[in-house]
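Peer 1: Got a structure for you, questions after.
Every number here is computed from the coordinates shown, using simple stated rules; none is lab data. Treat the numbers as computed from the prediction; the structure is a model and nothing was measured. Cβ coordinates were reconstructed from backbone atoms using ideal geometry, including for glycine residues, and neighbour counts include every protein chain displayed.
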Amino acid sequence: MKIKSTVVLAVLFIPAVSFAKMDIMKSFKVQYPDSKALHNCKTCHGGMGGPLNSYGADLQKAALDYVSVEALDSDGDTVTNGDEIKANTNPGNKDSHL
């Protein structure tokens, strides 16, 4: 019985997490419509839905206020998040820059 209720909770919880991430991705697309190369999970996560990368963590701390993290350099590559987003490079990946 315990296993069955655990499976039910997992099935109910996982879609809710996925929808939350999809809503965040949609809000990113609205904020930065020209940054099409960044319209995916890897902009804020290390992989597809994995742990947050440095940009995702900074964005989470800022309560998803995109503008407030534009001046930061989340990945430490000397290029601001805002400049990276404008250039379609990942602000959470130090190997992806201008």
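Peer 1: Return the distance in nm (one decimal) between the two label points of a simple spin-label model at Lys21 and Ala62, each offset 7 Å from Cα along Cα→Cβ.
Peer 2: For Lys21 paired with Ala62, the spin-label model returns 2.2 nm.
Peer 1: Check which residues have an amide H placed less than 5 Å from Leu72's amide H, if you skip close sequence neighbours.
Peer 2: Asn81, Gly82
Peer 1: For His45, what residues show an amide H to amide H distance below 5 Å, using hydrogens built from the backbone and excluding near sequence neighbours?
Peer 2: Long-range HN contacts for His45: Asn53.
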